[in-house]
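Okay, so here's the structure we're looking at.
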Amino acid sequence: MTARILIIEDEALVAMELRFVLEDLGHEVVATVADAAAARRVVRETEVDLALVDIHLSDGPTGVVLGRELGQEQGVTVLFMTANPGMVRQGVAGTIGVLSKPTEERAVQTAVDYALRRRHGEPVQYAPPELQLFG
């Protein structure tokens, strides 16, 4: 199952590595952006299935609000990827969960697969252990 994925990450090396992992898995990375305004622009202009969202972006800690907007208002499946998972411990409406950074390629692969299966209404028996789900 392939998807159109938006990477929202302000650390260029992290974003580049994520892009390579996702493209190696056969996904299309529609864009890599570093702030909330650019992310909103991409979502308005193109179809996005899944967004991987960091919490602290180049315009500040805007990722939580952005994730909620994308999930609830734009119909994008959202996974947070952050070094500060405690900031979303209570969950964020409209989003699936959070992966702690740094993370391994395999964790990204299983979390993305899980999120896409949920997006398409496919049965999922359990979440990958690295993915902290929101209620």
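The table below gives the values:
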{"item": "Distance (nanometres) between label positions extended 7 Å along Cα→Cβ at residue 59 and residue 10", "result": "1.1 nm"}
{"item": "Difference of contour (0.36 nm per residue) and Cα-Cα distance, residue 73 to residue 106", "result": "8.9 nm"}
{"item": "Proximal charge balance of residue 105 [Cβ under 14 Å; K/R count +1, D/E count -1]", "result": "-3"}
{"item": "Cα-centre dipole for region 70-135 with unit charges at Cβ (Lys and Arg positive, Asp and Glu negative), debye to 20", "result": "100 debye"}
{"item": "Dipole magnitude (debye, nearest 20) for the chain, charges at Cβ of Lys, Arg, Asp, Glu", "result": "440 debye"}
{"item": "Additional length obtainable on full extension of the chain from residue 28 to residue 41, 0.36 nm per residue less Cα span", "result": "2.9 nm"}
{"item": "Kirkwood Rh and Cα Rg combined as Rg/Rh, region 10-61", "result": "0.95"}
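Read the figures in this text as sums done on the coordinates, not as results from a lab. Keep in mind the model is a prediction, meaning the values are calculated, not measured. All Cβ positions, even for glycine, are placed from backbone atoms using ideal geometry, and neighbour counts span all protein chains on display.
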